[in-house]
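Please read the structure below before turning to the comments.
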């Protein structure tokens, strides 16, 4: 009886942990999708800025 109770308790706890993980994963997916959408929206200006920074840094390195 005690072993059965322990097993049931473990299963319940494991189920709760799984549910929490699923919820976390779901929220992470939503956040990732939001980030992707925002990055797609700002992609042109962002990539332009990054390219400018990279170009200026590379130019400075070439000068030095």
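One residue alone among 6, 20, 31, 35 is surrounded by 10 or more Cβ atoms within 10 Å (Cβ to Cβ), in a helix (DSSP H, G or I) and modelled with pLDDT under 80, and that residue is 6.
Any residue at all in the range 50-57 that is free of Cβ contacts under 8 Å to residues at least 12 places away in the same chain, loosely packed, with under 10 Cβ neighbours inside 10 Å and part of a helix (DSSP H, G or I)? Scanning the range 50-57, I find no residue that is free of Cβ contacts under 8 Å to residues at least 12 places away in the same chain, loosely packed, with under 10 Cβ neighbours inside 10 Å and part of a helix (DSSP H, G or I), so the answer is no.
The values are calculated or read from the model by the stated rules, or taken from the named source; none is laboratory data. Being a predicted model, the structure only gives us computed values, none of them experimental. Note: ideal-geometry Cβ built from the backbone for every residue, glycine included; neighbour counts use all protein chains shown.
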